[in-house]
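Trainee: Below is one structure. I have some questions about it.
The values are calculated or read from the model by the stated rules, or taken from the named source; none is laboratory data. As the structure is a computational prediction, the values presented were derived from the model and not from experiment. When we count neighbours, we look across all protein chains shown, and the Cβ atoms used for this are built from the backbone with ideal geometry, even at glycine.
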Amino acid sequence: MAISFDAVSVSVPATTANLGSGFDSAGLALGLYDDATFELLPSADVEVDIHGEGADTLPRDSHNLMVRAFYESCDTFNIPPMGIRLAANNRIPQKRGLGSSASAIVSGVCAAAAFGGYDIADRDVQDAVFSSASRIEGHPDNVAPAVYGGLTLSWKSVRSVGSEADGPTSFPSSADRPAGSGVSGVSGIAGGPEDGSFAGYGLDPEDAAQEDASHTGSCTGQFYSVRYPVSSQISVYVFIPDFELSTEEARSALPFSVPFSDAAANLGRAALLPYVLSDAPNTGALYRSAGAPEEGSSCGTSMHQVLFDATEDRLHQQYRGGLMPESYGLVKALRAHGFAACISGAGPCVLVLDRDDGEGIADTGFSAVQQDRWRMQKMSVAPRGAVVRTA
Ligand SMILES: Nc1ncnc2c1ncn2[C@@H]1O[C@H](COP(=O)(O)OP(=O)(O)OP(=O)(O)O)[C@@H](O)[C@H]1O
Ligand SMILES: N[C@@H](CCO)C(=O)O
């Protein structure tokens, strides 16, 4: 297989997962990016140069996650494993709940795809990157927004939807693959590249048979994602602490089972997320359960109230709170003041979602919270995921 380019540059957004009630499913792409350039070397060497986040801590050899993801994807995109020089410019804080590992993995997988001659702007290629990266990460909720941008709801299934398409993940050679064709042996359902589109890819059926060997999330099964539009009325604030918590440690605090009522509460709230983050008409379709409207108030429920409820979690935050008491305390304090706050990803960052009709957090004392250990950053929602440039 001929290598298509000498150098590939990849830009991948940060992501926030869980979004309160959407544990292990909901993810949002944020306007903060890790940039990386991969160059092919004539030797089998691996050279790594790192600037920014993780410059003092990340490995500069083949143990680097971007490098590992690149090599783990070479087969998928039909390129031989070659020596590479990686220059990384990292802006996403690591081990904070902003999807740094997913972004690093997506960078490496995108680079392999680009060297193989596949265009990340092609929907089939995006889906193959999503599949490979989710398999490496073990769960898809950060990977999906990092690849597709916007709001994504993702899940894993042992069976492909309505097909006999379980099969290998290898991508047809770019030369053999007619333009616009799907990936053979996998189970994508065609959809527009835009909102509400659906992506799904099969993994090895033997892997699928071992579905969920562990509650900590396995890399088996097939990954799917649906992308939703996000209203420009949505504001995102992230409180970033100076301390870290690895996802691995945060997952080890999860229980093996949860009360039925907690699962049911999260289900109902998570179903609200695509609606309340969209441009759905304000208030008209929303109702209180009972009682006459209070005097002077409009009938119905405000979108801010729905956002507040949609970001309530009973599945993971209470169990992880002991690992990040300051973050958990901040979430509770913010919610007590009516802000739609939750832990970002596995923590310890704290996320606040706001609609224009809510009270702006920037005007409150919370923006100055514990300034020595935290900084608050307003972030945009990234409508697009990973971008690749070739040379
Ligand atoms: N730019 C990067 N280059 C190489 N490796 C990275 C990079 N960013 C993150 N990593 C790897 O990912 C690890 C952090 O992953 P972890 O899942 O614990 O946290 P996170 O992805 O930042 O948070 P979350 O999954 O909760 O959103 C780092 O310790 C490092 O090994
Ligand atoms: N859903 C994941 C996100 C972090 O990778 C978790 O909360 O563990």
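Trainee: Of all residues being crowded, with 18+ Cβ neighbours inside 10 Å and of a type in the set (G, A, S) in segment 218-241, which is modelled with the highest pLDDT? Just the residue, please.
Mentor: S225
Trainee: Further question: Collect the residues in segment 118-138 that are within 16 Å of ligand 2 (Cβ to nearest atom) and surrounded by fewer than 23 Cβ atoms within 10 Å (Cβ to Cβ), keeping them in residue-number order. Explain how you work it out, then say what you get.
Mentor: Within segment 118-138, the subset within 16 Å of ligand 2 (Cβ to nearest atom) is 130, 133-138.
I136, G138 - these are the residues of segment 118-138 that are within 16 Å of ligand 2 (Cβ to nearest atom) and surrounded by fewer than 23 Cβ atoms within 10 Å (Cβ to Cβ).
Per-residue answers, yes or no, for (1) buried (at least 17 other Cβ atoms within 10 Å of the Cβ); (2) within 13 Å of the chain's Cα centre (by Cα); (3) outside any strand (DSSP E or B); (4) of a type outside the set (D, E, K, R):
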{"position": "P13", "(1), (2), (3), (4)": "yes, yes, no, yes"}
{"position": "G27", "(1), (2), (3), (4)": "yes, yes, no, yes"}
{"position": "D34", "(1), (2), (3), (4)": "yes, no, no, no"}
{"position": "T37", "(1), (2), (3), (4)": "yes, no, no, yes"}
{"position": "A44", "(1), (2), (3), (4)": "no, no, yes, yes"}
{"position": "I50", "(1), (2), (3), (4)": "yes, no, no, yes"}
{"position": "A55", "(1), (2), (3), (4)": "no, no, yes, yes"}
{"position": "P59", "(1), (2), (3), (4)": "no, no, yes, yes"}
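Trainee: To continue, here is another question. Look at N64 and say whether it is near ligand 1 (Cβ under 9 Å from one of its atoms), touching an Asp or Glu at 6+ places or on another chain (Cβ under 6 Å) and either at pLDDT 95 or above or not assigned by the TED database to the domain that holds D127 (or both).
Mentor: So N64 fails the test.
Trainee: Specify which of the listed residues (A133, A102, A111) is at pLDDT 95 or above, in a helix (DSSP H, G or I) and touching a Phe, Trp or Tyr at 6+ places or on another chain (Cβ under 6 Å).
Mentor: Numbers: A133 fails: touching a Phe, Trp or Tyr at 6+ places or on another chain (Cβ under 6 Å); A102 fails: touching a Phe, Trp or Tyr at 6+ places or on another chain (Cβ under 6 Å).
Being at pLDDT 95 or above, in a helix (DSSP H, G or I) and touching a Phe, Trp or Tyr at 6+ places or on another chain (Cβ under 6 Å) holds for just one of A133, A102, A111, which is A111.
Trainee: Within segment 244-256, can you find the residues that are away from ligand 1 (no atom under 16 Å from the Cβ) and touching a helix residue (DSSP H, G or I) at 6+ places or on another chain (Cβ under 9 Å)? Please lay out each step first, then the result.
Mentor: Applying the first criterion (away from ligand 1 (no atom under 16 Å from the Cβ)) to segment 244-256 yields 255-256.
Selection gives P255 alone.
Trainee: Moving on to the next point. Considering only segment 80-117, state which residues are surrounded by fewer than 22 Cβ atoms within 10 Å (Cβ to Cβ) and more than 15 Å from ligand 1 (Cβ to nearest atom).
Mentor: Listed by number, the residues that qualify are P80, P81, M82, G83, G117.
Trainee: Go through (1) aliphatic (A, V, I, L, M); (2) in contact with a strand residue (DSSP E or B) (Cβ under 7 Å, 6 or more places away or on another chain); (3) outside any strand (DSSP E or B) and name the single condition A69 misses.
Mentor: A69 satisfies all of (1) aliphatic (A, V, I, L, M); (2) in contact with a strand residue (DSSP E or B) (Cβ under 7 Å, 6 or more places away or on another chain); (3) outside any strand (DSSP E or B) except (2).
Trainee: Moving on to the next point. Can you tell me which of G52, G31 is away from ligand 2 (no atom under 16 Å from the Cβ), of a type outside the set (V, I, T) and closer than 23 Å to V125 by Cα? Please lay out each step first, then the result.
Mentor: Working: G52 fails: closer than 23 Å to V125 by Cα.
It is G31.
Trainee: Also: Against the condition over 27 Å from P93 (Cβ atoms), at pLDDT below 95, away from ligand 2 (no atom under 14 Å from the Cβ) and in contact with a helix residue (DSSP H, G or I) (Cβ under 7 Å, 6 or more places away or on another chain), how does L286 come out, does it pass? Give the steps one after another, and end with the answer.
Mentor: Working: over 27 Å from P93 (Cβ atoms): yes; at pLDDT below 95: yes; away from ligand 2 (no atom under 14 Å from the Cβ): yes; in contact with a helix residue (DSSP H, G or I) (Cβ under 7 Å, 6 or more places away or on another chain): yes.
Considered against the rule, which asks whether it is over 27 Å from P93 (Cβ atoms), at pLDDT below 95, away from ligand 2 (no atom under 14 Å from the Cβ) and in contact with a helix residue (DSSP H, G or I) (Cβ under 7 Å, 6 or more places away or on another chain), L286 comes out as yes.
Trainee: Continuing with this model, one more query. Step by step: first the residues of segment 309-363, then only those that are at positive phi and out of contact with any strand residue (DSSP E or B) (no Cβ under 7 Å at 6 or more places or on another chain), then the one that is modelled with the lowest pLDDT. Which residue is that? Let's see the steps before the verdict.
Mentor: The first filter runs over segment 309-363 and keeps only residues at positive phi, leaving 338, 345, 347.
Then keep just the ones that are out of contact with any strand residue (DSSP E or B) (no Cβ under 7 Å at 6 or more places or on another chain); that gives 338, 347.
Numbers: G338: 91, G347: 95.
The residue in question is G338.
Trainee: Among the listed residues G138, G149, which satisfies the condition of being in contact (Cβ under 8 Å) with a residue 40 or more places away in the chain, more than 25 Å from A55 (Cβ to Cβ) and away from ligand 1 (no atom under 13 Å from the Cβ)?
Mentor: Details: G138 fails: away from ligand 1 (no atom under 13 Å from the Cβ).
On inspection, the qualifying residue turns out to be G149.
Trainee: Of the numbered conditions (1) in a helix (DSSP H, G or I); (2) at pLDDT 85 or above; (3) not aliphatic (A, V, I, L, M), F366 fails exactly one; give the number of that condition.
Mentor: (2)
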